[in-house]
Structures are given as structure tokens and as C-alpha cells.
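> The following block contains the structure, expressed as C-alpha cells.
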Amino acid sequence: MLDWQQQQTFSINGMTITVISPGIIRVFQDRGYSVRSKAIAALPWEKTVVNVTRGKEVTELRTDTLVLKLDEEGHVDVYDVAGNPLAVDYRGKRAPQGLDKVDQEHRKLVAGEGHSLGAQAPQEAAITVIKQLTPTVHFYGLGDKTGYLDKRGYAYDNWNVDFSAPQLEIQPNLYKSIPVMFSLDHGHPVGLFFDNPSRSHFDFGRENPAYYYYSADEGNLDYYILGGATLKEVVANYTRLTGYTPLPQKWTLGYQQSRWGYSRSATEMMAVADGLTKHKIPCDAIHLDIDYMDGYRDFTWDQEKYPEGPRKFVAAMKRKGYRLVTIIDAGVKKDEQYSVYKEGEEHHYFIRNHDGSPYVNTVWPGDAVFPDFGNPVVRQWWGRKQRFLTDLGIAGTWNDMNEPASFNGPLPLDLECTDEDTTAPQRQVHNVYGHNMSRATYEGIKDATGLRPFVITRAAYAGTQKYSTVWTGDNRSIWPHLQWAIPQLCNLGLSGFPFCGTDIGGFASDTTPELLVRWIEAALFSPLYRNHSELGTRHQEPWAFDDQTLRIYRQYVRLRYRFIPYLYDLFAQHQKTGLPVMRPVILNYPDDERAANLNDEYMVGDDLLVAPVVVKAQRRRLVYLPAGEWVDFWNNREYAGNQDIVVDAPLERLPLFVRKNAVIPWGRVTMHVAATPDKQMRFRVFGNNGTTVHYQDNGRDFKYQKGEYNLYQVTVTVGQATVKLKHHGYAPCYQEVAVETMMGVQRFRYAGQEQYVAVKEEAENEE
Ligand code: MIG
């Protein structure tokens, strides 16, 4: 620790308080556990002026963003600089209210009938942080927990599980553990990030409306207080701490088609590709689920199902224009003839029983062992294994079953695992298993290809966004799961994961044409835009139903390609702002109570407001427009904000509004995201005065980090457009730019340096 960092570190009442920056303060108390953070790669230290006032009973620490009051009983009370309470310790003890106490005997009786009694955190946990709950506070974050946007009144567990029963709003835990929460009280925001991967619990007033609390089974007391003037600043501080999602390859924002079962033969895969081509559905990747493997062995390929071998198959798909993404499961088949098992066993790369033998459970391949991903050497080994896929030309790795899932009961809690340079029982590192697997995968692919890795993972911990995209796991083809897609993805976005998606159409159960259509509409701006379904369910390719379904589906996938440059701009901005792409309205309008628990609308960046129909048979809906002025995307009709409007939403209509005067880059509709640099770009202006900065690079590798990118400034003043290059680092800049205002199209030609000059208007021919 440097001198000045030392000066920002205070020892108070047995706790270490570290001021990382004005808006990030760490509260730490050693309880004898390892302190190697998985979430934080490097602390975002900033030289900070800290005013310390040591009073008789209370010590006060003050930065220009946060005020902490610490008393001798160990309370940590957090205020903003104006004196608004943000997170004040509750002075009483936990006292469950109205929750039924059930003895063991009755518990068994109820369980015998198949009912479970839900999450009951132990009354006495090793770590408890308990705060006063005011009637007006809202809670967000926690990743993709089920249920509604505002978590108030609910309780959740952080313990990664494979959960295949229908997810309900009362389900306390799913595949990911992202122990960050944001609270907002009358617009005053704060975040608390508990960097402890042990099993933990959040209760937002479910147990007692007087308090909310966090508790953990074990680990150190280790949390970060995140401050900021706005919810955006608080979220930005969280991302600064746990890391940004690196720019994805541009094609990953295209449509993707998947289904468990496609990969059981080369013929079936080809048929999917041909279906997409024939029905003119733009698509950038087709996914191969577990059936392509030889007996579910990772990094193998079934030669019988693919008689010409994987290399020719991948090449043939590439000629058709389709990239391939392959699934990799966490469980490695226990098979003495299988090289991955043999190598791993020889080098002790698998999680061990106490006698040192590899621990065996059952997953798809039968008996399986589990790579010890907490070991950096195992991560490197696993990373090198990615070359089997990248050498074949596979474009991405989809990591599944990495909670880890196991069919023969859960992994024993005390199995011996590696935690970097020490060991830890499984229970202490369980929640970072998927995180470490993703990290290994990311680093391996980056090494092998030099390209921006495309990794998808089901299990994750805080900070996994640095390595991987996530999806919300096994949802169902039911309307509630379409409804929850919005709050789930919005909360994931706030929790540091801008690149996320749901299985479009629903994974389990049979979809219906109406549900599928509403899902492809609602998910239009979901960064990961993938249709995926379960083996044995009704097919849900866009052409699996009637003409109308196909036509509407195609219309929206094509529209998606129009918005890819806008989405890509938001990913580029995320590198600096830490803000998500798809976001809850409350993030942009934190003072608007109407937005606080708005579950059926979302925003994309600051400019688009999406109000999908997520209710069966609904053909009109109420749309809440926040402050400002809004333009209906479909007919340019203008509305004042701060009001509810009723809009028609026949099956083919996604209610979509654009912030007045927004300037939106408007991409080309192509069957696949172009591999060659775009020579032209069009901007649509929803008003007559507006400006935007648009980002361009090669969409593939890391050269942008060395300045190989372009920034275009497009400005419209009283209907007159100007275009210039603000930064020119990527040689092939656009040769032609068109700016379309509501009054007409103005065209520009690149004139060298940073200049674009207007060319005479001609009759408009949209490509
Ligand atoms: O338990 O590989 O969530 O997307 O299709 C099933 C088969 C295992 C679970 C994943 C799902 C995938 C499926 N997998």
C-alpha cells in the first residue's frame, strides 16, 4: 500500500475503513478468512481528501460524496454530504414478525407432501449487517433474481444452483450470486457490495418492516459503500470497483439461434442454417448444445454424427454465413481413455475428496469430476483447451452447468478446493466456481485468437462481467417469464452485467406463436438476442408456426440490425461510464416515483423507451412516459412526458418511443453483421436539434485499446446537420454519412482530415 493509500485507511472500533475514492469506502473486519477478492481485479484507488472528526462517541469520516458516522458499539451510519441518511444501522436485534415458527416434525410433514417452507436465514449468522428500513426506500441489484424490479418485501439467498422447476417470484436463489444492492430513497442513492462468496442472504423488510439486512454463513465482514449524487453515479462506482465488460465483437449483438438437440447431427444443424437463410432471418450465430460432443466429453466432437469431421462442418457453416458457438459443461467425464480426464487426474486438477482422490458425481457424461478452477494453473490448462474449439473456427464458448450442477446430490460442502495460493472448503468458493471457469475460458480464447472472446456463462459471481456474457438460465415458455425478463435484465445491468439475455421464446415447456412474437419484440434491445429451447419441447424457430408469426418475427430481427450500431455505441460508452445498455427507467429518472417499480417498461441508453406487451391477448396498453418529450418511433407522433398514454399494440407492434431530439445511428439490414468496415452510416434524428457521438472500430480485436477507433460527432441545429470526426484512429472511416431529420435527408461525403462536407440533396433511396 502506498503512503497516501495508507493515509486513507483508518482503524476504528475494530474495523478497517478504507477510503478507496470519494464514493467508494470499504468496511472490513478480519474474521480469519482469505481476503483474495474474486470480484475486484484492482482497487480503483483515487487520492481523496478525507476529513476526520473524532468526537467523544462518534468518529466522522467525510469525503466530498459520503459521510460515515462510526460509534463505539460498531455502528456504521452512512449519509450523503447534505445530511440525508443513506444506510443507517438498525439499533435493535432481528425480530421476525408474522413469520411462522415451525418445528422439525411439522417441517418434515410438509416436506413429505412436496412443499418447501422457503428460505429462513439462521437467526444468528456469522456476519450480519442490519440497517433501518424507511417506508419510502426502494431496492435494486442482486443480479437476475426472480420477481420484480424493486426487491423491497422479498428475501433472497446467494447460493448458485441449477434450478429447473418453474422459477417463481419466491425463488430465493438461482444460478448467480451477485451480492450488490442499491437503495434509493426519495432519489438519494447508495450501494452496498458485500464481497464475500460464502452463502449469504438478503432480506429487504420481509422479516420485519423496520429493517433490512444482509447475513453470511461465514467469511470476513467485507463490504463497500458506494456513493454518488445520482443512482447512475452509484452504479458507475460499483462497475469501477468490479470491472467493465470489455467491448464485445460486433457480430455478437446479432440474432442467434439455438436449441438443445440441433447438434445431434450435422444434417440438422445445416437444416437450421438453411431455414434461416431461406426465410431471410438475419442471424450471426447458431449454437451447439451438448449433443455435438463425443459422449458429452468436453473438447471432443462426435465423428459419427459429423461424418466429415468438425473442421469441414464448421467451414461449410461459415460458407453459409453462420458462426458457431459450442457449449462446454463444467463436469468432465471420468474415463481413463479420455485425455482431458487423464491429464487432469495426473496433475491433480480436479476438486478432491479428503483422501486426495478426485471427487466424482454424475452429470451428462455419467461419472464426472470437476476442474478445480480456483487454481490458476487449472485455469491456464482449461484456457489452453479452448484451442480445440478456436482452431476449428468456433466463435464462442457457452459455459453451462457451472454452479456446479450435479445429478447425484449437491457437491459436499467440505470438499477440498484450491483458492488461488491456498485451499478452501467447497462451500467457501462454491459461488465463484462459474466465475473462475469463465475467467479461464476468456483468458484462453483471448490468448488463442487475439480476438474479443465471446463467452456465455450460466453461473456467475460479482465481477464475472469482465469475462463473460450471461443468460438467465432455464426459464419457461410462460407469460410470467416474459414479464420477468424485463426486471431480471434491468437488475443484471445495474449489477454490472450490461451483456445479458433470456432464452427468447422460453426454454422449457411449449411456446405459442403469440408468446414467441411478443418475446422477440420485448427482447429487441436485450444485448444477448438468442432464441433457445429445450429438447422435447415444441420447436420455436421463427418458421415453426404460421406465416404471420414468421413475418412479424422477421420484421423484428431485421429491426434489431438497424439498432446494432446504437447498441454498440452503448457498449463503447459502458467502458467509460460503467452504465448498462438495457436499463430500468428509474436509472435515468431517479426522482420519479412512478419509475421506481416499473416492471413492464425499460430504457436503452438514455434515448429509447420500450414498453413491450408482455400480457397474453393484450392489444392496447398503458405507457408511462417520464419527464421530457417523446416521439413515437412508428409514426413520429409527439408526446409530453410525465403522463400515461394508451397506445395500440396489435400483435405486430412493439410500443417504442424515442427521446425527442435523440440522434440514433441507423444500421443496415444484412443477413449477418458485416465483416468488412462499413463505408456508409445513416443517423436518424427525432427532432431538429440534437447531437450524438458515435463510435466505430473494427469490431473484432483489441486494437481499439491502442486508439484504433473513430468518434463521429453528429449535430443538428434547427434542422441543419453537421458531421465531423472527433477522433480518427481507425483508418477506414465512413465515406458517406446521411442524416435524416423529420424534414428530410442531408448527405455528407468524407473530405479528408476530420471533415465531412455536405453533398447536394438527391432523391432519397433507402437501401
Ligand atoms: O440441464 O445442455 O441451461 O440452456 O440447453 C440441462 C442442455 C443442461 C441447461 C442449460 C440449457 C441447455 C441444457 N442444460
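> Across the stretch 119-142, what is the number of residues that are under 17 Å from Arg94 (Cα atoms) and open to solvent by 30 Å² or more (accessible area, probe 1.4 Å)?
8
> Sort out which residues of the stretch 507-521 are part of a helix (DSSP H, G or I) and either of a type in the set (Lys, Arg) or open to solvent by less than 10 Å² (accessible area, probe 1.4 Å) (or both), and write them in order of number.
Those that are part of a helix (DSSP H, G or I) and either of a type in the set (Lys, Arg) or open to solvent by less than 10 Å² (accessible area, probe 1.4 Å) (or both): Leu515, Leu516, Val517, Arg518, Trp519, Ile520, Glu521.
> Same structure again: Over 13 Å from Ile328 (Cβ atoms), open to solvent by 10 Å² or more (accessible area, probe 1.4 Å) and either outside any helix (DSSP H, G or I) or more than 15 Å from the ligand (Cβ to nearest atom) (or both): is that true of Pro404 in this structure?
no
> Yes or no: Asn635 modelled with pLDDT under 95 and either of a type in the set (S, T, N, Q) or open to solvent by less than 50 Å² (accessible area, probe 1.4 Å) (or both)?
In short, no.
> Okay, moving on. In the stretch 594-640, which strands (runs of 3 or more DSSP E) lie fully inside it and hold 3 or more residues that are farther than 29 Å from Ser183 by Cβ?
Counting at least 3 such residues, we get 629-632, 638-640.
> Can you report the number of residues in the stretch 1-58 which are under 30 Å from Asp421 (Cβ atoms), among the charged types (D, E, K, R) and in a loop (DSSP other than H, G, I, E, B)?
Within the stretch 1-58, residues that are under 30 Å from Asp421 (Cβ atoms), among the charged types (D, E, K, R) and in a loop (DSSP other than H, G, I, E, B) number 5.
> While we're looking at this one, here's another question. Spot the failing condition for Leu492; the list is (1) closer than 24 Å to Lys151 by Cα; (2) touching an Asp or Glu at 6+ places or on another chain (Cβ under 6 Å); (3) of a type in the set (A, V, I, L, M, F, W, C); (4) within 13 Å of the ligand (Cβ to nearest atom), and only one is missed.
With (1) closer than 24 Å to Lys151 by Cα; (2) touching an Asp or Glu at 6+ places or on another chain (Cβ under 6 Å); (3) of a type in the set (A, V, I, L, M, F, W, C); (4) within 13 Å of the ligand (Cβ to nearest atom) applied to Leu492, the lone miss is (4).
> Would you kindly identify the strands (runs of 3 or more DSSP E) lying entirely within the stretch 143-214 that contain at least 3 residues that are free of Cβ contacts under 8 Å to residues at least 60 places away in the same chain and either on the phi < 0 side of the Ramachandran plot or open to solvent by 10 Å² or more (accessible area, probe 1.4 Å) (or both)?
Fully inside the stretch 143-214 and qualifying: 155-158.
> Residues in the stretch 577-596: is at least one buried (at least 24 other Cβ atoms within 10 Å of the Cβ) and at positive phi?
The answer is no, given that none of the residues of the stretch 577-596 is buried (at least 24 other Cβ atoms within 10 Å of the Cβ) and at positive phi.
> Among Ile486, Ile478, which is among the aliphatic types (A, V, I, L, M), away from the ligand (no atom under 13 Å from the Cβ) and surrounded by 24 or more Cβ atoms within 10 Å (Cβ to Cβ)? First the steps, then the outcome.
Working: Ile478 fails: surrounded by 24 or more Cβ atoms within 10 Å (Cβ to Cβ).
Among Ile486, Ile478, only Ile486 is among the aliphatic types (A, V, I, L, M), away from the ligand (no atom under 13 Å from the Cβ) and surrounded by 24 or more Cβ atoms within 10 Å (Cβ to Cβ).
> Just to verify a result, which residue in the stretch 312-328, among those that are outside any helix (DSSP H, G or I) and open to solvent by 10 Å² or more (accessible area, probe 1.4 Å), is farthest from the ligand (Cβ to nearest atom)?
This residue is Gly321.
> State yes or no: is Ala522 at pLDDT 95 or above, closer than 21 Å to Leu174 by Cβ and within 17 Å of the chain's Cα centre (by Cα)?
yes
> Related question: Find all pairs meeting these conditions: Cβ atoms under 8 angstrom apart; at least six residues apart or on different chains; first residue within the stretch 59-79 and on the phi > 0 side of the Ramachandran plot; second residue modelled with pLDDT under 95.
Between residues of the stretch 59-79 that are on the phi > 0 side of the Ramachandran plot and residues that are modelled with pLDDT under 95, the close pairs are Gly74/Asn13; Gly74/Gly14.
> So which of Tyr566, Tyr561, Tyr602 ends up being over 20 Å from the mean Cα position of the chain (by Cα) and more than 16 Å from the ligand (Cβ to nearest atom)?
Within the list Tyr566, Tyr561, Tyr602, the selection yields Tyr561.
> In the set Asp289, Asp274, Asp302, which member is over 28 Å from Pro498 (Cα atoms), within 15 Å of the ligand (Cβ to nearest atom) and modelled with pLDDT of 95 or more?
Asp302
The values are calculated or read from the model by the stated rules, or taken from the named source; none is laboratory data. In this text, all values refer to a predicted model and were calculated from it rather than measured experimentally. All Cβ positions, even for glycine, are placed from backbone atoms using ideal geometry, and neighbour counts span all protein chains on display. Each accessible area value is taken on the protein alone, full model and side chains, heavy atoms only, with ligands, DNA and RNA left out. Shrake-Rupley method; radii C 1.70, N 1.55, O 1.52, S 1.80 Å.
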